[in-house]
1. Over the range B:358-508, what is the mean sequence separation of C-alpha contacts under 8 Å (at least six apart), divided by residue count, expressed as relative contact order in percent?
2. Specify the inter-centroid distance of the range B:16-59 and the range A:52-99, based on alpha-carbon positions, in whole Å.
3. Looking only at other chains, what is the average number of their beta-carbon atoms within 10 angstrom of each beta-carbon in B:519-527?
4. Please tell me which of these pairs span more than 31 angstrom C-alpha to C-alpha: B:K290/B:K530; A:K508/B:K308; B:K313/B:K461?
5. Kirkwood Rh over alpha-carbon pairs of the range B:61-170, then Stokes-Einstein at 25 °C and 0.890 mPa s: what D in µm² s⁻¹, rounded to an integer?
6. I need to check one value: relative contact order of the range B:3-112, counting alpha carbon pairs closer than 8 Å and at least 6 residues apart, in percent.
7. When we measure straight from the Cα of A:K391, which aspartates and glutamates land under 18 angstrom away, once same-chain ones fewer than 8 places off are left out?
8. Among A:V24, A:C203, A:I438, whose Cα projects farthest towards the positive end of the dipole of chain A, with charges put on the beta-carbon of Lys, Arg (+1) and Asp, Glu (-1)?
Amino acid sequence: MEHIITPKVEYVKLLNRYPEKKSVLGTLYLTATHLIYVEQTNNTRKETWVLHHHIMSVEKLPLTAHGCPLLIRCKTFQLLHLLFQRERDCQDVYQSLLRLFQPEEELYAFLYNPQQNEEDRRQGWEFINVANDFSRMGLSNDYWEISHLNKDYEICSTYPSVLGLPKNVSVATVTGSAKFRSRGRLPVLSYFHKDTKAAICRCSQPLSGLTSRCVEDEQMLQAISQANPNCPYIYVVDTRPKLNAMANRAAGKGYENEDNYSNIRFQFQGIENIHVMRNSLQKLLEVCSMKSPSMSDYLTGLENSGWLRHIKSVMDAGMFLAKAVCEERASVLVHCSDGWDRTAQVCSLSCILLDPYYRTIKGLMVLIEKEWISFGHKFSHRCGHLDTDPKEVSPVFTQFLECVWQLSEQFPCVFEFNERYLIEIHNQVYACQYGNFIGNCQKERLEIRLHEKTFSLWPHLLKNQHLYRNPLYRRSLECTVLRPSTLPLHFKFWCGMYNYYDRGMHPKQSVLDQLLSLTQKQVEGERTMTELQRVRGVVGVVDFVRVERYLTDMTLSPSHPFTSTIHCAFTKGQTQSLTHGLDW
Amino acid sequence: MELSEHIKTANVEDVTLRRPFHPALRGTLCVTSHHLLFSDRKDEASWQLLILLKNIDAIEKSVENLFGYPRAMGSSGTITIKCKDLLVLQLEIPGMEECLNIASSIEALSSLESVTEMYPFFYRPSHLTLNGPWGLSSTEQYYKQTERLWDRWRVSTVNSDYSVCPSYPSAVIVPREVDDDKLIRSARFRQGGRFPVLSYCHHRNGMVIMRSSQPLTGANKKRCKEDELLLQAVIDGSELGYIIDLRSAQQAQQARMTGGGFESKSFYSHWKRIHRHHERGKIVQESLIKLVEACSDPSHSVDRWLSKLENSKWLSHVHSALSTAGLVVECVERDGHSVLVHGSEGTDNTLLVSSLAQLILDPASRTVTGFLCLLEREWIQAGHPFQQRCAHSAYSHARLKQECPIFLLLLDCVWQVWRQFPLALEFSEALLLRLAQEVYASNYGTFLCNSEQERCAAGVKENTHCLFQSLLRPDIEEQYLNPLYEPTDLAIWPSVHPQSLQLWTGLFLRWTEYAQNMEEAREEVWSIVKEHHEQAGPDRTNNTLSTHCDTLTPFENLMDELTIL
């Protein structure tokens, strides 16, 4: 790799969060894909691996008497504070990392090969199929049908090729409505609730400006309303704060005028935009990395970040949708500005509240694939995969994951997965190791032939689903619709996510691990345990899988100093001692 | 005046009871000397609610039709009852006069002053007898069980008539080489006579935790030779002991103006003093009031909630208590020094810190019996003035006098430890919640009075039942046990990062739907554990348990926690 100026630097210190703890000297390696820090003390070898794609920023701090510090912040909220003895080394690593962590092209996923053949790859991509979810909801039926009008992405370039539309709606209505919506994102089906026949639909803001109207768009909403036999009106939910929506009217966009549409009930929800969310996370992370805050500093910082307020606003909007559907049996049309950030959050959250299927391991994959990936949430921009406009970056998807976590805290028995599943998905979104979250919409992914060049994450997660199981999960029937309390005191700081790498803050014993190991017996019956797993129990399984994964990573850089060591240890069955020192 | 004279209306029919998250019920309300009884009208399988009047913290009444229309005209009143266990109930009572009578009976009977009129003196369940020993253990028994003490320590009965220290038990453990005369002199030099006594001896290294009240050095720096000798005898040959003063250095200085003070370096040369500021008394009580108020705030603003949570300072108190307990543990376990803990009176924060330190250090105090023994030794026998501190809880409008929820703070801290070490304690959150309830209103005599002397005078041991005994007999209820318990010998050192401490939702959201979801989860944990035991068969080995020993962070790795102490 031409970007790596120096592949190895010795005598580097990894500074601890707590200055008094002795930091020992270690060695830093740069590979094509990872930054690896190795600490060797007596018989223990501790390794810290950071994927380049996980790096958010690299900052050279002012020189101190102890050396040249380099601060690396990661999108996974890890913070690495390195201290070099020689300024030159620091500069070289800094320069190298700048090139490595913000590639202009060539994401990791295009290099990564989990040793599958083309058939596995194809099957992997077909594993989650959004069309199947439509059939699961009961489409096509008397009210809704599956449409291929957008198969060439001509009606809307950022929508999927397969759309759910009200039955018998004319092509003229569809194209006319699309023209009246920002970026052609016309109202289409997101979720059909079988029991109430109410639907959740999504779109972008109308190009209503101050006075414009569009007959086809009005017909479209009328058709959505008529597709629900149980309620004479539909809700139109604009997830933005009213002020923002009004400002858009001046720019020829805006929101629906209730007078022009028959039987709509219009509602603002007040979720802030991507820039507010980005700044809020920034402030939250400052609170997370405070050196030794008092309880008051921490709580005040948490309040000032506004983060939990925003999480609650997303949750409130999701609740509004779910309530309308299950209590009033009313259909809902949701939009924000472009209909790919807040709309995705709110639609997917309400799906989770309404339908127990989306609370399963596979169901969540389907939901993410449906509401986020195929409906054109701009993952590449929002996650800053490539060197792009920093103003496009925003933790919109992270907020969705957090809302799910907040729900799981209130309802410990209704999700099939545990917290680690959410965190793993979050890491994978930024890791770009699999192709799923690369690109901004389906059309773009097709153009770069993502399915031929990269692998899908979902089969990999499914293979390891025993790690992500919630042992308390009960498939109880009564609790089909979740009605969480949205009192502010139920919104908690997610230490497991934002302070994931500060292990000292976490509970020292894990109920989850304990229960997983107690229920392991059943899993064992189904799986043949390897020698390694038997020795290490659940903890070992984690390490085993990761080692396996990293081993495959290593094949990319055969010159890497550890390849031989790990392979050697691995084949000899000594992985236990090796993994023991790894700091994941 | 007989208690029954307070009752003008004993029964009212057609009362509507409203509880949070339950449908309203209609039934009969009945007031007795000690209880409020509501039973719904169905004859069979009727549902009853029995509330100890002492549990009622505040009562608010609103009466419609104040002009005295007869009952037939539909006058009625509503009484809102706010309990010390944080439950809030509403009763709609037909008839204005009945409503006012009930309210005044509750007001009078819920605030009885005389201990012997309280319900524990009347509670006579058929399965318990009053004969036999009261309590779980005594100073003498504790001494006998702790072999490490026999060599250098002795039991002194210098306080057998409570004249040396009215708030101490009759027997205390002191260094063998210090005679009773010296103890008497030391007692005169300490506030309330609370001279330094042994609280805990660490099983690993024999180091001890002592506790006392502040020394009465006063403005002109008085000293007391015997007190100095007593402390000297504690550390014996070793180089150094630590005095953890639970006040800021400035507060300790100021205390001299009112006759109190601190151990000066020049007279206690082998003791190093560390100051840690802890709030006390009224401030902590107000924290509880503010927190409970914040928890029931109906507004939907997160900012407002966080600001109220911060402003209540409750979690700050939890933070300080655990931090200082950690400091004590650091001295005893890591550095191998003995410690003396005191604040001013030595009856509140002192007990909080010393008992938390023991929970962290001592595996024996993490079993159900061990924990209850710890509470008995460090709180009941050690003279925490329960009657004064727990006279009112979070809702009372009465002027605060001596109220302070230090014991509740202890339970909260224990819960925080349990949350961070969910396998290390034998008991469950339910036990902590039960104790939080019992301490304010109880059928049992355990938390009555302010000291052993008062309990003796009132005949508590002869005339009431002991809560701790009843909890353990004949078998402890399953709900009080932790299904995941795995004993560990290591110190369980909690993290005190603000991110690591949480609102104790089990207590503060006890009467919400949320509590029901948590209950479901607990049941699920139990069923998994039971299922596993069945599968493993009767001769289940410790295999599954041993794999997790290494997940417990040994205390060496916890050093990084200490820097923020």
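Computed from the coordinates by the stated procedures, all read-outs in this text should not be read as laboratory data. Just so you know, these numbers come straight off a predicted model, no measurement behind them. When we count neighbours, we look across all protein chains shown, and the Cβ atoms used for this are built from the backbone with ideal geometry, even at glycine.
1. Numbers: 161 pairs, mean separation 53.0, N = 151.
Averaging sequence separation for qualifying contacts and normalising by length gives 35 percent for the range B:358-508.
2. After rounding, the separation between the Cα centres reads 66 Å.
3. Working: counts 0, 8, 6, 2, 3, 8, 7, 0, 2.
Per residue, the average neighbour count from other chains is 4.
4. Values: B:K290/B:K530 41 Å; A:K508/B:K308 29 Å; B:K313/B:K461 38 Å.
Violating the 31 Å Cα-Cα cut-off are B:K290/B:K530; B:K313/B:K461.
5. Working: Rh = 19.7 Å.
In µm²/s, the coefficient is 125.
6. Values: 231 pairs, mean separation 31.5, N = 110.
Dividing the mean separation by the residue count of the range B:3-112 yields 29 percent.
7. A:E104, A:E272, A:D338, A:D341
8. Value computed over the given set: A:V24.
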